[in-house]
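Below: the structure, in structure tokens.
The values are calculated or read from the model by the stated rules, or taken from the named source; none is laboratory data. None of these values were measured; they are calculated from a predicted model. A quick note on method: Cβ atoms are made from the backbone with ideal geometry, for glycine too, and the neighbour counts reach across all protein chains shown. Please note that ligands, DNA and RNA were not included when accessible areas were found on the heavy atoms of the full protein model with its side chains. Shrake-Rupley method; radii C 1.70, N 1.55, O 1.52, S 1.80 Å.
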Amino acid sequence: MSSDFWSGLALGALGAYIVATASGWEYLGAEGPGPGFFPLWYGIAMLALAIMLVITNVRKKTTAEKPLDWSEIRRALSAWLALAASLAALKLVGFVVAFAALTFFIVAVMYRRPLRVAATVALATAAGFYLLFPLALGVPLP
């Protein structure tokens, strides 16, 4: 079986866990959707997509597996490491700075755009979050 098959099984297990957990939360309250509304539908969607992934993989004729492209694996792992680093720095530097740094990394390194473009995108998105949440909505960012 291919990696898509095993990924589908793992996503299905995660989706089942999310559905099982969210079904114990309030789905609909007096004021509208409760805390279980979004996770339940998210879990259902994840389950449906996982089932589709497994079924299409089982129905597909087996072909020779492609060799692993380690440069692409390193890129994916570096994106996860950047996300983990930005989450770790969140309390230290605040959401806006951590998000701007993560955005800069993704644009500059992952999409291989010029540093000026990456800085512009990072500053614009961080400013957008700051303008929307603390200023317009009055919701503090972490």
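Working carefully through the options Ser86, Ser3, Ser71, find the one that is free of Cβ contacts under 8 Å to residues at least 24 places away in the same chain, within 30 Å of Thr125 (Cα to Cα), of a type in the set (S, T, N, Q) and exposed (fewer than 12 other Cβ atoms within 10 Å of the Cβ). Give the steps one after another, and end with the answer.
Working: Ser86 fails: exposed (fewer than 12 other Cβ atoms within 10 Å of the Cβ); Ser3 fails: within 30 Å of Thr125 (Cα to Cα).
None of the others qualify; the one that does is Ser71.
Pick from the range 65-89 the residues that are polar (S, T, N, Q) and closer than 14 Å to Val109 by Cα: which of them is modelled with the highest pLDDT? I'd like the intermediate steps shown before the answer.
Start the filter on the range 65-89 by keeping residues that are polar (S, T, N, Q), which leaves 71, 78, 86.
Next, from what is left, pick out any that are closer than 14 Å to Val109 by Cα: 71, 78.
Working: Ser71: 85, Ser78: 93.
Taking the candidates together, the pick is Ser78.
On the given criteria, is Val121 hydrophobic (A, V, I, L, M, F, W, C) and at pLDDT 90 or above?
Numbers: hydrophobic (A, V, I, L, M, F, W, C): yes; at pLDDT 90 or above: yes.
Yes: the conditions hold for Val121.
Can you name every residue in the range 20-44 that is of a type outside the set (A, V, I, L, M, F, W, C) and in contact with a strand residue (DSSP E or B) (Cβ under 8 Å, 6 or more places away or on another chain)? I'd like the intermediate steps shown before the answer.
First, the residues of the range 20-44 that are of a type outside the set (A, V, I, L, M, F, W, C): 21, 23-24, 26-27, 29, 31-36, 39, 42-43.
Once the filter is applied, which keeps residues that are of a type outside the set (A, V, I, L, M, F, W, C) and in contact with a strand residue (DSSP E or B) (Cβ under 8 Å, 6 or more places away or on another chain), the range 20-44 yields Tyr27, Gly34.
List every residue pair whose Cβ atoms sit under 6 Å apart, with the two residues 6 or more apart in sequence or on different chains, where the first one lies in the range 130-142 and is more than 20 Å from Ser86 (Cα to Cα) and open to solvent by less than 80 Å² (accessible area, probe 1.4 Å) and the second, anywhere, is at pLDDT 85 or above and part of a helix (DSSP H, G or I).
Pairs that qualify, where the first residue is more than 20 Å from Ser86 (Cα to Cα) and open to solvent by less than 80 Å² (accessible area, probe 1.4 Å) and the partner is at pLDDT 85 or above and part of a helix (DSSP H, G or I), are Val139/Phe133.
Considering (1) closer than 30 Å to Ser7 by Cβ; (2) at pLDDT below 95, say which one Phe105 fails and leave the rest.
Looking at each condition in turn, Phe105 falls short on (2).
Restricting the first residue to the range 111-129 and requiring it to be closer than 19 Å to Ala98 by Cβ and free of Cβ contacts under 8 Å to residues at least 60 places away in the same chain, which pairs with a second residue that is open to solvent by less than 60 Å² (accessible area, probe 1.4 Å) and part of a loop (DSSP other than H, G, I, E, B) meet a Cβ separation below 8 Å and a spacing of at least six or different chains?
These pairs meet every condition: Phe129/Leu141.
Using the structure shown, decide if Gly36 is touching a residue at least 12 places away in the same chain (Cβ under 8 Å) and either over 16 Å from the mean Cα position of the chain (by Cα) or open to solvent by less than 50 Å² (accessible area, probe 1.4 Å) (or both).
Working: touching a residue at least 12 places away in the same chain (Cβ under 8 Å): yes; either over 16 Å from the mean Cα position of the chain (by Cα) or open to solvent by less than 50 Å² (accessible area, probe 1.4 Å) (or both): yes.
Answer is yes for this residue.
Can we say Leu53 is of a type in the set (A, V, I, L, M), open to solvent by 100 Å² or more (accessible area, probe 1.4 Å) and touching a residue at least 24 places away in the same chain (Cβ under 8 Å)?
Numbers: of a type in the set (A, V, I, L, M): yes; open to solvent by 100 Å² or more (accessible area, probe 1.4 Å): no; touching a residue at least 24 places away in the same chain (Cβ under 8 Å): yes.
Against the criterion (of a type in the set (A, V, I, L, M), open to solvent by 100 Å² or more (accessible area, probe 1.4 Å) and touching a residue at least 24 places away in the same chain (Cβ under 8 Å)), Leu53 does not qualify.
Evaluate the range 71-80: report whether one residue or more is out of contact with any Cys (no Cβ under 8 Å at 6 or more places or on another chain) and over 30 Å from Asp4 (Cβ atoms). Working first, answer last.
Narrowing the range 71-80 to residues out of contact with any Cys (no Cβ under 8 Å at 6 or more places or on another chain): 71-80.
Then keep just the ones that are over 30 Å from Asp4 (Cβ atoms); that gives none.
No.
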